[in-house]
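Enquirer: One structure, as structure tokens, below. Some questions next.
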Amino acid sequence: MKKFKKYIKAFELGLQSSMEYRANFALSLISSVFPMIMQIFLWTAIFFNSNDQKILGYDYVHMISYIIIASIINKLVSTGFEWDISEDIRNGGLNKFITRPIGYFSYRVFSFLGSKIMQLAIVSAILAIILTIINSNFSLGINPARILLFLLSILLALLLNTFLCILFSSAAFWMTENWAAFIFMNLLTQFASGGLFPIDILGKRFMRLLDFLPFKYIVYFPTNIINGKLQFEEIFIGIALQCAWIAATIALGKIFWKIGMKKYIAVGG
Amino acid sequence: MSAIIEVKDLYKEFSYYEKDVGLKNSVKNLFLRKKLIKKAVKQISFEIEQGEIVGFLGPNGAGKTTTLKMLSGILYPTSGYAKVLGYTPWERKNEFKRQFSIVMGQKNQLWWDLPANESLYLNKCIYEIDDRSYNETLGILTELLDVKDLLKVQVRRLSLGERMKMELIASLLHKPKILFLDEPTIGLDIISQRKIRDFISYYNKEQKTTVLLTSHYMADIEGLCKRTIVINHGEIVYDGELSKVNEIFDNTKIIKLQFESPIDIKSLENFGKIKEVEDLKATIEIEKSNVRESIMELLGRFPVKDFTIEDIPVEEGIAMLYSKGGKSLEKI
């Protein structure tokens, strides 16, 4: 237990420093609304200028509710500590972890999750309100079992995204200037996870490609649990695959970090 | 007493690349980068005993920090051997990490947005220090460094000097047997420098902690270290008492002259190396064995108003060691 205490403290410190800057925190929440509003306007314009009830397999209500729910989930599972990690690698901040009896990997994950808690609580509350409104007006068929599975899948999605973030940030070991790589990865993740629009509108062939990648389990999968698109059987398979992807990203991340660390200590921070 | 730090033929090289001036060469470098090797530390050897304070002195890029990094396990050497507290540092065993600390003046380990006591508490958890011992040590250290009232202040609001004190406290909570300090007084004002210095000296006497520090401030080294290792171009050029550095240059003296009326400066060249000339003043370096005759002649030939004979100052001696380059000198 004593060994684990340092990670609990790291979690606590992450939580505490996230509460230091209230204005920044509030603005980061508000700013994430804009892309969603843009999307809603865009799809409204498309639907109202078309003669078809359904576009690419979605009717208006389902498209808009997907976009709202997916945007919120996108915020819920967002990471962004790859910048901190690459700073540590570039400026020798890793040194203080190498010389102290603490694991960098675990330390980062715990302090990140700590800093995430506040946002998680507030965004979840907003999501609950919005889901209630949508459900009572258009009946998505939400029931307790679905909510439970949905919450579980969100938690797993957050973990998956966190470990993906660590995996991508190991790029900093090889590239001194890596902001372009991060922006590329962020865009790719947003797009391929279904955080911008439902990815199945891109067609069957594209979906098959995404089956072999972890991204769709970050936003697309949880969103489809709650909006009733998936059967229970599909949900269980999906959750199992989420777990598998988490294990795979942890393993791959560890390998990349091990190689990167070897390079780091050979070259120096 | 046996050595707590043992270093033998430690060697470290880095690879880097060069680019000639101009766009053409930038394009060329895009495809082909010529790898070059820099030898940062060339086969150095030394031993340090428990309780010693040893100063590492050397110009920028001499290899001081690289050596400290290898001794603390941050860097892997290209070749050579080192044992610190009986451990090979770059194996990075947790038992080893629990027994030393490294403080880098230009890096911080404290959480920027939170008060220092939070980061200190994190270190308590990291090093698994029990409550009683933690509170006791923290009390003593904050008392000594006079920062008791600052523990609850956000770290970003602290001055550089106060932050350095907190860094020192953070690194001493687990009572390390060895303390590596990389330029602990960099950028601090004279009073803060002195306070940090006094603290390190006191702490070393009380706790018998072995301290290995680098600094560019001669006062740090003079005030703290009995023994100084001067390193230049990756080689140890001097290992011994700082005040005795000049014994290497024992055969020269500095003569400062003041004249009553202008003289032909050129004619001074016959006596020795002219170091400085200003209006009616001149400074020349003369071989010790010639001092007597030279003075007699100078007094006879020139309208000398006043003169002094001095040893080469320590700073000057160090600077001469720096510029001497790779030539190793014998241990004294």
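Enquirer: Averaged across the residues of B:170-177, what count of C-beta atoms belonging to other chains lies within 10 Å of each residue's C-beta? Spell out each step's value before the answer.
Expert: Numbers: counts 1, 3, 0, 0, 2, 0, 0, 0.
For peptide B:170-177, the averaged partner shielding equals 1.
Enquirer: How crowded by other chains is B:120-130, given as the mean number of beta carbons from other chains within 10 Å of each beta carbon? Walk me through the numbers before you get to the answer.
Expert: On the way: counts 0, 3, 10, 4, 3, 11, 10, 4, 5, 0, 1.
Partner Cβ neighbours, averaged per residue: 5.
Enquirer: Could I ask something else about it? Please find the FRET efficiency linking B:LEU85 to A:ILE147, where r is the Cβ-Cβ separation and R0 is fixed at 56 Å, and quote it to the nearest 0.05.
Expert: So the FRET efficiency works out to roughly 0.50.
Enquirer: Working from the alpha-carbon coordinates of the range A:115-269, get Rg over Rh, Rh being the Kirkwood radius.
Expert: Numbers: Rg = 17.9 Å, Rh = 17.3 Å.
With Rh from the inverse mean 1/r over Cα pairs, Rg/Rh is 1.03.
Enquirer: Between the range B:93-107 and the range A:1-53, what is the C-alpha centre distance in whole Å?
Expert: Value for the Cα centre distance between the two parts: 37 Å.
Enquirer: For B:GLU241, which sequence-distant residues (separation of 5 or more, or a different chain) have an amide H within less than 5 Å of its own amide H, given hydrogens modelled in the peptide plane?
Expert: Hits under the 5 Å cutoff: B:THR228.
Enquirer: Whole-Hz Karplus ³J(HN,Hα) for the range B:52-60, in order, using 6.51 cos²θ - 1.76 cosθ + 1.60 and θ = phi - 60°, x for Gly and Pro?
Expert: 6, 10, 10, x, 9, 10, x, x, 4
Enquirer: So, one more: Could you tell me how far the Cα centroid of the range B:260-327 sits from the Cα centroid of the range B:123-168, in Å?
Expert: Each part's Cα centre sits 52 Å from the other's.
Enquirer: Ordered by residue, what ³J(HN,Hα) values in Hz, to whole numbers, does the range A:18-32 give under the Karplus form 6.51 cos²θ - 1.76 cosθ + 1.60, where θ = phi - 60° and Gly and Pro are x?
Expert: Listing the rounded values in order: 5, 8, 6, 10, 6, 4, 4, 4, 5, 5, 5, 6, 5, 4, 6 Hz.
Enquirer: Which whole-number percent is the relative contact order of the range A:2-263 (Cα, under 8 Å, 6+ apart)?
Expert: Working: 240 pairs, mean separation 72.0, N = 262.
For the range A:2-263, the relative contact order is 27 percent.
Enquirer: Still on this structure: Which angle from 0 to 90°, rounded to the nearest 10, does the C-alpha axis of helix A:232-267 make with the longest principal axis of chain A?
Expert: The angle comes out at about 30 degrees.
Enquirer: Counting only other chains, what is the mean number of Cβ atoms within 10 angstrom of the Cβ of each residue in peptide A:86-95?
Expert: For this peptide, the per-residue mean of nearby foreign Cβ atoms is 2.
Enquirer: Next question. When the Cα centres of the range A:132-190 and the range A:86-122 are compared, how far apart do they sit, in Å?
Expert: Taking the Cα centre of the range A:86-122 as reference, the centre of the range A:132-190 is 19 Å away.
Enquirer: Please compare each pair in B:LYS69/B:LYS124; A:LYS258/B:LYS35; A:LYS263/B:LYS39; A:LYS258/B:LYS28; A:LYS258/B:LYS69; B:LYS39/B:LYS253 to a cut-off of 28 Å on the Cα-Cα distance and tell me which ones are over it. Show your work: numbers first, answer last.
Expert: On the way: B:LYS69/B:LYS124 23 Å; A:LYS258/B:LYS35 24 Å; A:LYS263/B:LYS39 17 Å; A:LYS258/B:LYS28 32 Å; A:LYS258/B:LYS69 19 Å; B:LYS39/B:LYS253 35 Å.
Exceeds cut-off: A:LYS258/B:LYS28; B:LYS39/B:LYS253.
Enquirer: Follow-up question, since we're still on this one. Bins of 20 Å, beginning at zero and ending with the bin holding the largest distance: percent of Cα pairs per bin for the protein assembly as shown, please.
Expert: 16, 37, 28, 13, 5, 1
Enquirer: Can you tell me the FRET efficiency between A:LEU241 and A:LEU202 if r is taken as the Cβ-Cβ distance and R0 is 22 Å, rounded to the nearest 0.05? Could you put the intermediate results ahead of the total?
Expert: Values: r = 20 Å, r/R0 = 0.90.
Taking R0 as 22 Å, the efficiency between A:LEU241 and A:LEU202 is 0.65.
Enquirer: Using DSSP to define loop residues, name the chymotrypsin sites (Phe, Trp or Tyr not before Pro) in the range B:52-120 whose beta-carbon has at most 16 other beta-carbon atoms within 10 Å. Write out the running numbers ahead of the final one.
Expert: Values: sites: B:PHE56, B:TYR81, B:TYR87, B:TRP90, B:PHE96, B:PHE100, B:TRP111, B:TRP112; in loops: B:TRP111, B:TRP112.
Those satisfying the criteria are B:TRP112.
Enquirer: Within the range A:1-86, list the chymotrypsin sites (Phe, Trp or Tyr not before Pro) lying in a DSSP loop whose Cβ has at most 12 other Cβ atoms in a 10 Å radius. Intermediate results must be reported in sequence, preceding the final value.
Expert: On the way: sites: A:PHE4, A:TYR7, A:PHE11, A:TYR21, A:PHE25, A:PHE41, A:TRP43, A:PHE47, A:PHE48, A:TYR58, A:TYR60, A:TYR66, A:PHE81, A:TRP83; in loops: A:TYR21, A:PHE81.
Of the chymotrypsin sites (Phe, Trp or Tyr not before Pro), the ones in loops of the range A:1-86 whose Cβ has at most 12 other Cβ atoms within 10 Å are A:TYR21.
Enquirer: Further, regarding this structure: Could you list which residues have their amide H under 5 Å from that of B:ILE4, counting only those 5 or more apart in sequence or on another chain, with H placed in the peptide plane?
Expert: Residues meeting the criterion, in which the H sits 1.01 Å from N, are B:ILE48, B:GLU49, B:GLN50.
Enquirer: List the extent of the Cα atoms of chain A along each of their three principal axes, largest first, rounded to whole Å.
Expert: Here the spans come out as 65, 37, 36 Å, largest first.
Enquirer: What are the GluC sites (Glu not before Pro) within the range A:170-265 that DSSP puts in a loop, where the Cβ has at most 14 other Cβ atoms within 10 Å?
Expert: Details: sites: A:GLU177, A:GLU233, A:GLU234; in loops: A:GLU177.
Here the sparse-neighbourhood loop sites are A:GLU177.
Enquirer: Report the gain in length on full extension from B:ASP146 to B:VAL304: 0.36 nm times residue separation, minus Cα-Cα distance, nm rounded to one decimal.
Expert: Working: separation 158, 0.36 × 158 = 56.88 nm, distance 5.36 nm.
The span from B:ASP146 to B:VAL304 would gain 51.5 nm if fully extended.
Enquirer: Work out, in µm²/s and without decimals, the Stokes-Einstein translational diffusion coefficient of the range B:1-114 at 37 °C, 0.692 mPa s, Rh from Kirkwood over C-alpha pairs. If you can, show how the numbers build up before the last one.
Expert: Details: Rh = 16.7 Å.
The calculation lands on 197 µm²/s.
Enquirer: From the alpha carbon gyration tensor of the range A:186-269, can you work out the equivalent ellipsoid semi-axes (sqrt of 5 times each eigenvalue) and give them in Å, largest to smallest?
Expert: Those come to 32, 15, 10 Å.
Enquirer: Quick one: what are the phi-derived ³J(HN,Hα) couplings along the range A:60-71, Karplus 6.51/-1.76/1.60 with θ = phi - 60°, whole Hz, x for glycine and proline?
Expert: Karplus values, whole Hz, x for Gly and Pro: 4, 4, 5, 5, 5, 5, 4, 4, 5, 5, 5, 4.
Enquirer: Within the range A:82-109, name every residue whose backbone N is under 15 Å away from a label modeled 7 Å from Cα of A:ILE117 along the Cβ vector.
Expert: A:109
Enquirer: Over chain B, what per residue volume does the convex hull of the Cα atoms give, in whole Å³?
Expert: Values: hull volume 71.1 nm³, N = 332.
Enclosed volume per residue, from the Cα hull, is 214 Å³.
Enquirer: Label the range A:121-181 by shape, choosing from rounded, prolate and oblate, from the square roots a ≥ b ≥ c of the eigenvalues of the Cα gyration tensor; if a/c is under 1.5 it is rounded, and otherwise prolate applies when a/b is larger than b/c, oblate when it is not. Write out the running numbers ahead of the final one.
Expert: Details: a/c = 4.09, a/b = 2.79, b/c = 1.47.
It comes out prolate by the Cα gyration axes.
Enquirer: I would also like to ask the following. How high is the relative contact order of chain B? Use alpha-carbon pairs under 8 Å, at least six apart in sequence, and give a whole percent.
Expert: On the way: 571 pairs, mean separation 61.4, N = 332.
So the answer I get is 18 percent.
Enquirer: For chain B, which DSSP H helices look membrane-span-like by this rule: Cα extent along the axis of 27 Å or more and mean Kyte-Doolittle of at least -0.5? If you can, show how the numbers build up before the last one.
Expert: On the way: long enough: none.
Both cut-offs are met by no helix.
Enquirer: Hey, which aspartates and glutamates would be in cross-link range of B:LYS42, C-alpha to C-alpha under 14 Å, not counting anything within fewer than 8 residues on its own chain?
Expert: Candidates past the 8-residue exclusion: B:ASP9, B:GLU13, B:GLU235.
Enquirer: Give me the angle, in degrees from 0 to 90, between the Cα long axis of helix A:179-193 and the longest principal axis of the Cα atoms of chain A, rounded to the nearest 10.
Expert: It is inclined by approximately 40 degrees.
Enquirer: Residues in the range A:172-210 near a label at A:LYS54, defined as backbone nitrogen under 13 Å from the 7 Å Cα→Cβ point?
Expert: A:201, by backbone N distance to the label point.
Enquirer: Residues with amide H under 5 Å of B:LYS177's amide H, sequence separation 5 or more or different chain, H placed in the peptide plane at 1.01 Å from N; which?
Expert: Distant-sequence amide H within range of B:LYS177: B:PHE100.
Enquirer: With the Cα gyration tensor of the range A:1-128 in hand, give its eigenvalues times 5 under a square root as the equivalent ellipsoid semi-axes, listed largest first in whole angstrom. Present the calculation step by step, with values, prior to reporting the outcome.
Expert: Working: eigenvalues 328, 46, 36 Å².
Whole-Å semi-axes of the equivalent ellipsoid: 40, 15, 13.
Enquirer: Debye calculation, C-alpha points only, no solvent: report log10 I(q)/I(0) for the range A:81-128 at q = 0.19, 0.24, 0.30 Å⁻¹, in the same order as the q values.
Expert: Rounded to two decimals, the profile gives -0.68, -0.87, -1.09.
Enquirer: Nearest-5 percent of antiparallel DSSP beta bridges in the protein assembly as shown? If you can, show how the numbers build up before the last one.
Expert: On the way: 44 of 62 bridges.
So the antiparallel bridges amount to about 70 percent of the total.
Where a number appears in this text, it was derived from the coordinates with a stated rule and is not lab data. Worth saying up front: this structure is predicted, and the values here are computed from it rather than measured. Positions of Cβ are backbone-derived with ideal geometry, glycine not excepted, and every protein chain shown enters the neighbour counts.
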